[in-house]
Structure formats: C-alpha cells, structure tokens
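Written below as structure tokens is the structure these notes are about.
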Amino acid sequence: MAAGFPSPADDYIDVGIDLNEVLIRHPSSTFFLRVSGDSMVEAGIQDGDLLVVDRSLEARPGQVVVAVLDGAFTLKRLARHRGRLRLEAANSAYPPLELHQCGDVQIWGVAIHVIHPLGRHG
Amino acid sequence: MADALALIDANNFYASCEQAFDPALIGRPVVVLSNNDGCVVSRSSEARRLGIGMGKPYFQIAEQLARHGVVVRSSNYALYGDMSQRLMSSLEPFVAELEVYSIDEAFARLPRPQHGELRSWATELRSRIRHNLGIPIAIGLAPSKVLAKLANRVAKGDRRHAGVFDLGLEPSHDPWLEQTPVEELWGVGRQLNRWCRLRGIANARQLRDMASGELRAKAGVVGLRLQLELQGVSCLPLEEGPSAKRETCVSRSFSRTIADELELRQAVASYVVRAAEKLRRQRQRSGRLTVFARTSPFSPGFYSQAASAALPLASNDTAVLLQAALPLVALIYKPQKRFAKAGVLLQELQGEEQLQQHLLAPLSDEQQQRRETLLHNIDQLNRRYGSGTVQWAACGLQPSWTMRRGQLSRAATTRLGDLPTAWAR
C-alpha cells in the first residue's frame, strides 16, 4: 500500500445504493417468490414478475397477500366487503373468494414490492 | 433476580423447513433423509405420529413410507442453512445474549423480571417465529445451561406445555430431575454414564445430590461444573460469536460404492479441494491432515481406516494439501473393499496472520504472493460461476460417485431460479 497524504475525499466516501435496503425492511422474514399467471395484472403484477414478500407483517385489508389455498401459494388482494374479509383478484375475469366460505385459508405473507422488467435488455 | 438461561430449538427443523416452502406438504407426513439418502434424520410431527423411527435406514423403511403416503426429501442444506441464519437473527432482539449452538438450537441469557414470570415472553417469541418463518420452536427456561436443556426436553415431550417450560418457576426441581435419565443430560458421555450406573446413579436428581468429592475424582472440574449446574448454579458461560474453528472436515457418502483406488483418490482429492476452499474463506491454515474411508456398516466385512500426516509448514494451498493427502490414500486403500464413504479432516488450524516465515520455506515471499493471488482468483471464479468451474486435475473429470440426493427440494430462499411460485390464477 502506497504511503502519503490521505485523500480529502476519504471522509465523504459513500457505499452506494443497496437495493436490499430499499426493498427489504425485515431481512430475516422477507422472501422472494416468482409470479405465475395474470389474475393480478390490474394491481401492476404480471406473469414472471419477482415478488418481495414480508412474512412478519400482519395482513390488512387493501394489501396484496400470499395465501395458502389448496396446497399452493396464491396471490390475492385482501379486502373487506360488507363487513367480511375476502380474497380478490385484480382482474375482472377472476371471481372473489369469501374467506368464511372456504374453510382453511392461511395468509402466508404480505407482498410489499414487485420487480418487473421493462422489456428485454442485454 | 438472577438471569434466566434459555435453550431455544426448532422442532423437526429440516422437515419444518420443507413444509414452510412447499404448501402442499402442510399437514402431511414428511421425512428428510441424511446425506446420500441414507437414513431418516428429521420427521414432521405427522410422520412421528405414524411411528416412523428416527435414524432408520431408508432402504429398510421405503415400503412403509410409501404405504402411508409419507413425503420423502433429501437433505437440502442450502435451504436449512439459510433458514437457520434467519432463525438465529430473529431470536437476537428477544434476548440479552445468544449462543448459536447448532444449526437449529441456541442458548440465550435474559433478565428475569421482578415478578419472575417469563411464560408470556416465551409464548410471544414462539408465535412470532412461527408467524415470520413458519418454523415451530420449543423453549426451556432454567437458572443454568444444563437445566435449560433439560427444561427444553420437558417442553417438547408433553403437548400440554405447548412448547414452553420454565423450570425456574417450579416449586421443586426434584420431580423433573428424577424423570431425566443421566445419559440424557447435556454433557454426559458414555463413559460417565457407565460410571454413574455402576454406582446406582440413574437419574439427574441422584447425580445432583451425590458426594462431590467422588464425582471430582472421576470427572474432575467438568464433573463438578455439571453438578453445580444441576444445582441451579450457572457456571458454563455463553459463548458468543462463532469461535475460531480448530478443525474442518469434508466428507461425503458415495452414490455407489467405490472399489477402485484411482476413484478413491479422485474422491479424496475433491474433498481436499473443498476443504482448502473452506480454510481460505475462514482465513486459516492447517498443520495436519487426516484422510479416512470406510465401507458400509450394513454389509458384511466392515472396514474403516484413517491415515494422518503433519505438514512441514501450515498451509491452505490446495496443491500443498493434495500433495500431503494423496499418498495417504494408498495407505488406507484395501483391494476388494467396496468403499461407501470417505473424507478429509484438516486439523491444527491457525489464523493466517499467525504464520511465521519458515526458515526452510520452499517459496520466496514473492512466489508466495503469486500463489495466493492464483488461489484467490480460482475461488472467485468458482464462487461466481459455480463450484467446479476451475478444477484440479487430481479430482478426475465427471466423476460418477458424487452424492445421491434423489429427492432434493429447491433452494427456495437462496437461488433465483429455484424460487417458489405465487400463483395468480
């Protein structure tokens, strides 16, 4: 290592922008999932997108959630409708699911970001 | 009030990880097999209830598993390792001090509040981990580590405790110590157990109350500490942070047995390559190297042999370690034996900075620098483009004996191509 005077910029060195910090608040409980299907397109979530899911959050109406339905991770929006909770798609082609009618539904996590590539690059 | 010590561990950790990332497995019996799909190392509670035994060789119970519709998985260390780190860092904010003891258990110290009650703390921690990671845990609380381990067994053993047991709040420890056989105590080895049994000491209460002079004569300070811990006097401190490792081991079972010396050499060479990579990552060098191999304990004529060599100068250079290891293969190889497993143990590890220039060092400082740059570059390439991108010729090309993991799930939390699917349908 060369000796000499310290650079005047040394005190101002920044570490750069880390997308993990931008997208993830609770690293130990945050997971990535891959979206398949078009039932959430009106929420801006498209087939093949990368989903950032935080399991530590309590799901609230209005949030996009990952629910366990029939042994699969299913993406829906949690909504309150006439005083009852239900799972809605963000695509009019898919009907909503009333939670009190489908027996065993578990909310696995809350989707907090979606990463969507804009066309093909590189 | 004195601090409380907790032993926190995951129930059926491997099986729980499998269930957490494959919702089709929720509520179904799942077993996870050891390396090379050898035997059952983890059972979901559903599999346990079916009476599937722990440690049973897979080939013996494959039919039973199929009959009960049990889901079988190979060990997915990428997933379990990542989930273990998540588990430990989730525990951290809940305790004053944490000692990660193994992949799925940790000791913790925390202050006991004025009213003494810690059940609500434990219940909250338990439901938080369950919610955030999908992993069930059990918590044992007591005044010492040995008793915390015992309390954890009680917490898991009886459903009525709902995964939490606080020995510190019990009016008397006696009934709990009496129901714990000596050999199930943490820190009691086979030898001490046999010695206790010969003296009619069968349970933890008897060990706690025996004459300490006699115990000291047999087991020294270690025995005295064990007795004090059983009396509720904490004398084993928590070890924070990973202590520098004193040895490192790479060993694997083969997918098929190996009878050929060249193939055994190639297998050992590939383990040396892995072990050397590990050392360089840990910034350590090794002063002694042991190579071992064995046949299957399930077939007749069991054979197991090891050979060891000291290195003239501690090293983490793959070429130097290979040079020491390969001649040892000839010493342990035996014709007509079908080897099922082999491994390499690197011992007498020391930090890189401790290395003193050897008077008879084979390389000059400058040559040494160049070697290190080369090895560093190889490690970088293998890390970036996948292990095996740059290979050592001694390992052979396209070996056919690599580990069998026929029912491996995906690296759901660590590999972009393996992410679980969120269905939008």
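Quick note: the coordinates plus some simple rules give every number you see, no bench work behind them. Here the structure is a predicted model, which is why all the values come from computation and not from measurement. Virtual Cβ from ideal backbone geometry, glycine too; neighbours counted across all protein chains shown.
Numerical summary
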{"item": "Average projection area in nm² (convex hull over Cα atoms of the stretch B:3-117, one quarter of hull surface)", "result": "8.4 nm²"}
{"item": "Straight-distance crosslink candidates among lysines, where the alpha carbon sits under 30 Å from residue B:218 and sequence neighbours closer than 8 are dropped", "result": "B:145, B:149, B:245"}
{"item": "Inverse mean reciprocal Cα-Cα distance (Kirkwood Rh) of the protein assembly as shown, Å", "result": "27.4 Å"}
{"item": "Per residue Cα convex hull volume in Å³ - calculated over the stretch B:81-178", "result": "103 Å³"}
{"item": "Share, in percent, of DSSP beta bridges within the protein assembly as shown that are antiparallel, nearest 5", "result": "90 percent"}
{"item": "Folded to 0 to 90 degrees: helix B:145-157 orientation relative to chain B principal axis, Cα", "result": "80 degrees"}
{"item": "Net charge of neighbours whose Cβ lies under 15 Å from the Cβ of residue A:42, counting Lys and Arg as +1 and Asp and Glu as -1", "result": "-1"}
{"item": "Size of electric dipole in the stretch B:1-134: Cβ of Lys, Arg +1 and of Asp, Glu -1, about Cα centre, debye, nearest 20", "result": "460 debye"}
{"item": "Over chain B, equivalent-ellipsoid semi-axes from the Cα gyration tensor in Å", "result": "40, 29, 24"}
{"item": "Angstrom value of the Kirkwood radius, inverse mean 1/r, which spans all Cα pairs in the stretch B:1-68", "result": "13.1 Å"}
{"item": "Proxy reagent accessibility, fewest Cβ within 10 Å first, across B:101, B:303", "result": "B:303, B:101"}
{"item": "If the convex hull is drawn through the Cα atoms of the stretch B:185-266, its volume per residue in Å³", "result": "204 Å³"}
{"item": "Angle in degrees between helix B:119-133 and the longest Cα principal axis of chain B, rounded to the nearest 10", "result": "40 degrees"}
{"item": "Charge dipole magnitude, Cβ of K and R +1, D and E -1 - the protein assembly as shown, Cα centre, debye nearest 20", "result": "1840 debye"}
{"item": "Positive-end extreme of charge dipole, the protein assembly as shown - chosen from B:423, B:47, A:32 (charges on Cβ)", "result": "B:47"}
{"item": "Calculated log₁₀ intensity ratio I(q)/I(0) where the Debye formula runs over C-alpha points of the stretch B:103-151, q = 0.26 Å⁻¹", "result": "-1.13"}
{"item": "Descending Cα extents along the principal axes, the stretch A:5-119, whole Å", "result": "73, 32, 27"}
{"item": "Antiparallel bridge percentage (DSSP; both residues within the stretch B:84-205; nearest 5)", "result": "65 percent"}
{"item": "Angle between chain B longest axis and helix B:318-332 axis [Cα atoms, degrees, rounded to 10]", "result": "80 degrees"}
{"item": "Gain in span if fully extended, residue B:302 to residue B:130, counting 0.36 nm per residue against the direct Cα distance", "result": "57.5 nm"}
{"item": "P(r) histogram, all alpha-carbon pairs of the stretch B:182-330 included - 10 Å bins from 0, percent", "result": "9, 27, 17, 24, 20, 3"}
